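The values are calculated or read from the model by the stated rules, or taken from the named source; none is laboratory data. All figures in this text were calculated on a predicted structure; none of them were measured in a lab. When we count neighbours, we look across all protein chains shown, and the Cβ atoms used for this are built from the backbone with ideal geometry, even at glycine. For the accessible areas, the whole protein counts, side chains as well, though only heavy atoms, and no ligand, DNA or RNA atoms are used. Shrake-Rupley method; radii C 1.70, N 1.55, O 1.52, S 1.80 Å.
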Amino acid sequence: MMEVVSSYFQKLRQKTGGNQVKRGKKLCSILLTVCMLLCMLPTVAFASGSDYLKIAMLDSGRKYFSADWVKAFLYEAKADGYTHVMLAVGNDGMRFLLDDMSLTVGGKTYSSNAVASAIRSGNNAYTTASSGEWTESEMDEFFATAKKAGIEIIPLLNSPGHMDAIIDCMETLGMKNVAYNNSKRTISLTNTDAAAFTKALIEKYVKYFASK
């Protein structure tokens, strides 16, 4: 950008006198200042209508936050003018366990305890700096708190990437070649067992969140 402006003024100096160049530089300076000020304005300054979303993302997949902390954050986000909180329950780590985690995939059934235990193991394999998972009753409380605070929750469960804990879970449950090209966080979509397991798992969460 600056090279183009410099080249323009060099040509202008050759064709005209110094006064024209000075006036051109002054005008360019004003225009650049206006552009910078516009870029610095918050997006909300250009928004209109009640359908505009102002979203705060809580990346709880990578770091566990206690249930009380999350509920306090919902009120804080509302006080700061946000309309929604995107709650990343699954983003590398997997921080939310349903009461019933049992899955039947390809004719094989995995018990609720086995799946939940494997996900916990996956979270520990992902990071030992932060540990914990929310229960279904705690997630119910999050939605009840959000309603009281006047803010909405957008759940986030990443797939097929950022699935470190779930990949580890599948391997713990005995699946082979789950990851794409030995990735730590992306499943192999050509592995029919891994793809089916992931779809079945996500479907359970979709049903839960749809009820909210």
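Taking the stated definitions as given, is Lys71 in contact (Cβ under 8 Å) with a residue 40 or more places away in the chain and farther than 21 Å from Met163 by Cα?
yes
Given the conditions (1) under 23 Å from Ala56 (Cβ atoms); (2) outside any helix (DSSP H, G or I), and given that Thr128 satisfies all but one, which numbered condition is not satisfied?
Every listed condition holds for Thr128 apart from (1).
In region 176-188, what residues are open to solvent by 20 Å² or more (accessible area, probe 1.4 Å), in contact with a strand residue (DSSP E or B) (Cβ under 9 Å, 6 or more places away or on another chain) and part of a loop (DSSP other than H, G, I, E, B)?
Arg185, Thr186
Which residues, taken from region 189-212, are in contact (Cβ under 8 Å) with a residue 24 or more places away in the chain, surrounded by 12 or more Cβ atoms within 10 Å (Cβ to Cβ) and polar (S, T, N, Q)?
Thr198
Confirm whether Ile151 is under 16 Å from Lys212 (Cα atoms), open to solvent by less than 40 Å² (accessible area, probe 1.4 Å) and of a type outside the set (D, E, K, R).
Criteria met by Ile151.
Within region 139-163, track down each residue that is over 20 Å from the mean Cα position of the chain (by Cα), in a helix (DSSP H, G or I) and touching a residue at least 60 places away in the same chain (Cβ under 8 Å).
If the condition is that a residue be over 20 Å from the mean Cα position of the chain (by Cα), in a helix (DSSP H, G or I) and touching a residue at least 60 places away in the same chain (Cβ under 8 Å), then Glu141, Thr145, Ala149 are the ones that fit.
Of the residues Val89, Val115, Val105, only one is at pLDDT below 95 and under 22 Å from Ala196 (Cα atoms); which?
Being at pLDDT below 95 and under 22 Å from Ala196 (Cα atoms) holds for just one of Val89, Val115, Val105, which is Val105.
Identify, please: which residue in region 77-92 is of a type in the set (A, V, I, L, M) and over 17 Å from Val206 (Cα atoms) and is, among those, most open to solvent (accessible area, probe 1.4 Å)?
The qualifying residue most open to solvent (accessible area, probe 1.4 Å) is Ala79.
Can you say whether Ala195 is in a helix (DSSP H, G or I), in contact with a Leu (Cβ under 9 Å, 6 or more places away or on another chain) and hydrophobic (A, V, I, L, M, F, W, C), as far as the supplied structure shows?
So Ala195 passes the test.
For a quick check of your reading of the model, give me the residue pairs whose first member lies in region 107-125 and is under 13 Å from Glu171 (Cβ atoms), whose second is in a helix (DSSP H, G or I) and open to solvent by less than 10 Å² (accessible area, probe 1.4 Å), with beta-carbon atoms closer than 6 Å and at least 6 apart or on different chains.
Cβ pairs passing all conditions: Ala118/Cys169; Ile119/Ala165; Ile119/Cys169; Gly122/Ala165; Gly122/Cys169.
Tell me, which residue of region 112-140 that is in contact with a strand residue (DSSP E or B) (Cβ under 9 Å, 6 or more places away or on another chain) and among the acidic types (Asp, Glu) is surrounded by the fewest Cβ atoms within 10 Å (Cβ to Cβ)?
The qualifying residue surrounded by the fewest Cβ atoms within 10 Å (Cβ to Cβ) is Glu136.
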